[in-house]
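What follows is a short report on a single structure.
The values are calculated or read from the model by the stated rules, or taken from the named source; none is laboratory data. Nothing here was measured: the structure is a model prediction, and the numbers come from that model. All Cβ positions, even for glycine, are placed from backbone atoms using ideal geometry, and neighbour counts span all protein chains on display. Only protein heavy atoms, including side chains, enter the accessible area calculation; ligands, DNA and RNA are left aside. Shrake-Rupley method; radii C 1.70, N 1.55, O 1.52, S 1.80 Å.
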Amino acid sequence: PTPERPTGDQPVDERFPSFDPELAAFMVGAGDEPGMGLDEGLAAFLHMRVVEVTPGEVAVEVPVRDELLHRFGAAHGGVVATLVDQALGSAVFPLVPLGTWPATLEFKINYLAGVRTGRLRAVGRVASLRKRTAVVTVEVDNVVDGEHRLVAVAQGTISLNPPRAGGGPTPVPG
């Protein structure tokens, strides 16, 4: 059977019929609003933004600024790792029941090149989605003047923690 088409402009992906386009739109935010959960803590300091969400895929960006560079003039690897971690959970978040907390269990990252300017763009893609875990791959590009250069690749495992009885706030991915 063919899954029902989601509302909004999001395409149907038969692998992810549970995709929630309204939640995806909320994750992206609007105008100067950073989107769900990105207006506090480290995500806010990094000026992190979810810029696109489609079924099983998310794009998250961070502008490269002087305060993110280490003493040798390149973006610190921790900035890239934090961006990867956000992309891992965010790719899964609109696919699971509301209230499910996608927590990163582990990830492996390969740094391929240094980044000094422009912005970092991480694209997370769900490779496997099961009842309790998901595997997500992430490619990180350095984008300068519209040109993309691959600077890191990663793969991680996400634990899908179901909503607790009694409700409570909806956790933020990442």
### Message
If the elastic network links every pair of Cα atoms under 10 Å, which of P97, P55, P34 fluctuates the most in the Gaussian network model of the chain?
### Response
P97
### Stretch in the chain that is longest and holds no GluC sites (Glu not before Pro) that DSSP places in a loop and that have at most 12 other beta carbons within 10 Å
41-174
### Task
Within the chain, what's the longest run with no trypsin sites (Lys or Arg not before Pro) in a DSSP loop and at most 15 other beta-carbon atoms within 10 Å? Give the range, please.
16-64
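How long is the gain from A44 to S18 if the chain were fully straight, where each residue apart is worth 0.36 nm and the alpha carbon distance is subtracted?
Details: separation 26, 0.36 × 26 = 9.36 nm, distance 2.89 nm.
Separation in residues times 0.36 nm, less the Cα-Cα distance, equals 6.5 nm.
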### Accessible surface of segment 18-174, 1.4 Å probe, proportion on carbon and sulfur as whole %
53
### Message
Can you classify segment 21-90 as rounded, prolate or oblate using the Cα gyration tensor, where a ≥ b ≥ c are the square roots of its eigenvalues, rounded means a/c under 1.5, and otherwise it's prolate if a/b beats b/c and oblate if not?
### Response
prolate
### Message
Can you match volume of the Cα convex hull per residue in Å³ to one of these, [x] 129; [y] 164; [z] 239, based on a calculation from the structure here?
### Response
[x]
### Task
Find the centroid of the Cα atoms in segment 101-130 and in segment 61-100, then give the distance between the two in whole Å.
7
### Query
How many Å² of accessible area per residue for the chain, probe 1.4 Å?
54
### Task
Select from segment 72-160 those chymotrypsin sites (Phe, Trp or Tyr not before Pro) which occupy a DSSP coil region and have at most 14 other Cβ atoms within 10 Å, ordered by residue number.
F72
